[in-house]
């Protein structure tokens, strides 16, 4: 018994020691490194892993292209992606790991909750943060934080405006995921804006992450309330079920979604005809004829064997935005974190990039991107941009 | 030293170990030889140690399997974060506010422990485990539908969405359903964490070695015999269970005040977490308080130290977990360790001489 305890204490002590020494070793390595180091955080395990993987792939593709083209300010870029399992606490651990590694700027985190937690720490360290897909308002509450995607309220407001201005419907039903920050954030902004747009919300039905397979109750309520349009602010995997079940009860209103809807045509076993006339806001369409997007999609498919979604596109643009801003701020491999942050903070508002999610993408000092959302309508099993 | 009983000595070793770990960590942090990852992990480590120690009271001393420990942590975390968020302007002194937050977290988790304990502790073994599991999930789900806002008219509650709170302009949503509480002040520090560990140890070790503790262990060892000598089973069971819950609440307070966002997800307050805490207890040794501390530290550090392995990280973590369990608890391994332990070698030498 005694032996076990001694051993256990020794083990714990050894762990503490190695951890401490590990930190030392890394700091030494940092001194002779001659690359610009960009860190990224997102879930590559757990329920949100597909988003983390997409961001990782998109960012790595951009880094590879940049390095092949000679790097940033003639300096090669090193990229390090750390897993946060979609958890705030793990995200802070991942952030600290990257800090030990010598990160100069952060792309991330991918999901909203962890992004707020990391944002708080990053603000304390004066670390520059650009989230590709953290949509919650608080993600960019400090002046060192910027984002590539739309914020939740903005998507809600834009959707309501589009529906109101084009007179798509007067009676609208909303189905949303109350356990998801993204979905409930859009829902709330949408309902608020609806008052100004002259249509009424006749049904607002929630579901949660635990009950996201059967939507018949919600759809029946929307049908009974006579809704002409059903707003679906959540991801495509659940939306494909909604569309199928709506067809089952012969209910065919206009369906309207947000950027999470992108990718619905690729759902396995999904009858694409059900999605005809489905409309959604999107910053990115993989089938676009635009040169930059075409190149991105072809390269991505060649590299990873599947079509990129909007997360990959946001990450790709995020890395290019960092490159542009770093060139403007003259960031080198030995620039300190604070100098990088101060430089990038002012450079971000000056740059304009032609990315895959928008043309002439620029940023405001409050961290929000200024890009116009496109409305995409599915026709004949294909995405098409509505002007 | 001679007069000290064996248990007192043993307890002092435990306190000393915590203090030594604190001294070592603090020296390293001050001298700057500690990585930021380790520095960031210090506060969560304190929370996990308290969780492991408190669950050991239920599992090891009371002898009942509880799978709802994360639920009590959740109660402590949300009640204290709610308090801190409301009081951040009224009580600007972080120290005073945090002490009050700890008391509130502990009290609310303790009360939940009593409320849940009254019906639940009538069950035994697997049944108790399942019901506590359900209660943990209920707590998590209630928190997820709870919306609380504050404006000049006072507090508003809703279980639907934050719009139906009907807040005035300038009103603040404090608990925003599934989005939880954002902007909790970061009051947790390593020093406070260590002090709380010491207090928890003090409470638990003293409870174990008191009259009540002996009664609790008597219930564990033989319920019928304990009842026959007049021990009030419900009272002592409830005592152990609620103390354990209150301490889990304290761990929740530390957890909540270390991060800027607090959301109740399966990952942090669901049964995954409850089982994780149980793993700390089982690995460290059921009923062995010092073992729980060590197991909690090792198992929290392990996945972080394995980050270098990237995608294989969680796989290796699981393999290490299996190997550690086998090493610690398989009969053959115990036999091998006894044969090769330093102590037995010394004994042999002494015999030879």
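Here, each number is a calculation from the coordinates, and none is a lab measurement. Nothing here was measured: the structure is a model prediction, and the numbers come from that model. When we count neighbours, we look across all protein chains shown, and the Cβ atoms used for this are built from the backbone with ideal geometry, even at glycine.
Relative to the first principal axis of the alpha-carbon coordinates of chain A, what is the inclination of helix A:337-348, with its axis defined by its Cα atoms, in degrees from 0 to 90 and to the nearest 10?
That works out to roughly 30 degrees.
Order the peptides A:137-146, B:300-309 from the highest to the lowest mean number of other Cβ atoms within 10 Å of their residues. List each step's numbers first, then the result.
On the way: A:137-146: 21.0, B:300-309: 16.7.
Result, highest mean Cβ count within 10 Å first: A:137-146, B:300-309.
Compute the acute angle (0 to 90°) between the alpha-carbon long axis of helix B:331-340 and the principal axis of greatest extent of the alpha-carbon atoms of chain B; round to the nearest 10°.
60 degrees
Ranked highest first by the average count of other Cβ atoms within 10 Å around their residues, in what order do A:315-323, A:153-161, A:296-304, B:257-265 fall?
Per-residue mean Cβ counts within 10 Å order the peptides as A:315-323, B:257-265, A:153-161, A:296-304.
Could you work out the relative contact order of chain B, using alpha carbon pairs under 8 angstrom and six or more residues apart, expressed as a whole percent?
It rounds to 29 percent for chain B.
In deg cm²/dmol and to the nearest 500, what is the mean residue ellipticity at 222 nm of chain A if only DSSP H runs of at least 4 residues count, each as -39500 (n - 2.57), divided by the residue total?
Using -39500 (n - 2.57) per qualifying helix, the result is -15000 deg cm²/dmol.
Could you give the nm distance between label points at residue B:138 and residue B:93, where each point is 7 Å from its Cα heading toward the beta carbon?
4.0 nm
Going highest first, how would you order B:193-202, B:90-99, B:124-133 by mean Cβ packing within 10 Å?
Answer by packing, highest mean first, reads B:193-202, B:124-133, B:90-99.
If I model a spin label as a point 7 Å beyond the Cα along the Cα-Cβ vector, how far apart are those points for residue A:336 and residue B:326 in nm?
About 5.1 nm separates the two model spin labels.
Hey, for a label at residue A:50 modelled as a point 7 Å past Cα toward Cβ, could you say which residues of segment A:221-263 have their backbone N under 14 Å away?
From segment A:221-263, the list is A:234-242, A:260-263.
Counting DSSP beta bridges with both partners in segment A:153-282, what percentage is antiparallel, nearest 5? Intermediate values should be presented prior to the final figure.
Numbers: 0 of 16 bridges.
Bridges in segment A:153-282 that DSSP calls antiparallel: roughly 0 percent.
Hey, got the average number of other protein chain Cβ atoms within 10 angstrom for residues in B:158-165?
Working: counts 0, 0, 3, 8, 4, 6, 1, 0.
Mean number of neighbouring Cβ atoms from other chains: 3.
Between residue A:165 and residue A:382, take the C-beta separation as r, use R0 = 30 Å, and let me know the FRET efficiency to the nearest 0.05.
Computed FRET efficiency for residue A:165 and residue A:382 comes out at 0.75.
Please say if segment A:153-282 is rounded, prolate or oblate, where rounded means a/c under 1.5 for a ≥ b ≥ c the square roots of the C-alpha gyration tensor eigenvalues, and otherwise the choice is prolate for a/b larger than b/c and oblate otherwise?
Rounded is the answer for segment A:153-282, as its axis ratio a/c remains below 1.5.
Residue B:163 to residue B:20: FRET efficiency via 1/(1 + (r/R0)^6), r the Cβ-Cβ distance, R0 56 Å, to the nearest 0.05?
For residue B:163 and residue B:20, the calculated efficiency is 0.55.
Note down the nm distance, to one decimal, between modelled labels 7 Å out along Cα→Cβ at residue A:225 and at residue B:317.
4.1 nm
Which residue, A:211, A:352, A:112, has the most motion in a Gaussian network model of chain A that connects Cα atoms within less than 10 Å?
Result for chain A, Cα springs under 10 Å: A:211 fluctuates most.
Taking each residue in A:82-95, count the Cβ atoms of any other chain within 10 Å of its Cβ, then average. What number comes out?
Values: counts 3, 6, 0, 3, 2, 6, 11, 11, 5, 2, 8, 10, 4, 3.
Mean shielding count: 5.
When chain B is modelled as a GNM with alpha-carbon springs shorter than 10 Å, which of B:206, B:222, B:328 fluctuates the most?
Its mean-square fluctuation being the largest, the pick is B:222.
Taking each residue of B:37-43 in turn, how many C-beta atoms of other protein chains fall within 10 Å of its C-beta, and what is the average?
6
For helix B:271-284, what angle does its Cα long axis make with the longest principal axis of chain B, in degrees from 0 to 90 and rounded to 10?
Between helix and principal axis, roughly 20 degrees.
Sequence gap at least 6, Cα distance under 8 Å: using those rules, report the relative contact order of segment A:301-371 to the nearest whole percent.
On the way: 69 pairs, mean separation 18.1, N = 71.
RCO, segment A:301-371: 25 percent.
Rounded to the nearest 500 deg cm²/dmol, what is the calculated helix-only ellipticity per residue at 222 nm for chain B, with -39500 (n - 2.57) per DSSP H run of length n ≥ 4? Don't skip to the answer; put the middle values down first.
Working: 15 runs with 247 residues, N = 353.
Roughly -23500 deg cm²/dmol at 222 nm, from the helical runs in chain B.
State, as an integer percentage, the relative contact order of segment A:153-282 based on alpha-carbon contacts under 8 Å between residues 6 or more apart.
Normalised by residue count, the contact order of segment A:153-282 is 25 percent.
Would you mind telling me which residue in A:116, A:267, A:55 has the biggest mean-square fluctuation in a Gaussian network model of chain A, where springs connect alpha carbons within a distance under 10 angstrom?
Of A:116, A:267, A:55, the most mobile in the Gaussian network model is A:267.
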